[in-house]
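Just so it is clear, none of the values below were taken in a lab; they were calculated from the coordinates. These numbers come from a predicted model, not from an experiment. Heads up, the Cβs are rebuilt from the backbone with ideal geometry, glycines too, and the neighbour counts pull from every protein chain shown.
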Amino acid sequence: MSQDPAEQAILSLLRGKDALKSISPADAARALAGNPPGEAWRSSLAPVRRAAQRLAKAAVIEILRKGKPVAPAEARGVIRLRLAQEQAQEQ
């Protein structure tokens, strides 16, 4: 897959979870920023959300809104991320 650090942060967190468990984009942003104290991780949130869009378009992950998958273009507001069904079954 990609060498993009934001994509790697998302995938690393998701692959460390049980199949079909989800993460918040903030979890990946914190990991990408090195888990800094305070709010310093927030600058990593936009790159993580863009990476999530790319991964969802490639069918690697699913973007969830209110617990249901949504198209990447419709991912607004509070979202969560999980491995796509095929990816989760391969784990």
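Some values worked out for this structure:
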{"read-out": "Estimated vicinal HN-Hα couplings, Hz - segment 6-14 in sequence order (Karplus 6.51, -1.76, 1.60; Gly, Pro = x)", "value": "5, 5, 4, 4, 4, 5, 4, 5, 5"}
{"read-out": "Over the chain: helical MRE at 222 nm, DSSP H runs n ≥ 4 each giving -39500 (n - 2.57), nearest 500", "value": "-12000 deg cm²/dmol"}
{"read-out": "Under 5 Å, built H, 5+ apart or other chain: amide partners of Ile63", "value": "Val70"}
{"read-out": "Per-residue Cβ neighbour rank within 10 angstrom, fewest leading, Ser44, Ser22", "value": "Ser22, Ser44"}
{"read-out": "Theoretical FRET efficiency, 1/(1+(r/R0)^6), r = Cβ-Cβ of Ala40 and Gln3, R0 25 Å, to 0.05", "value": "0.60"}
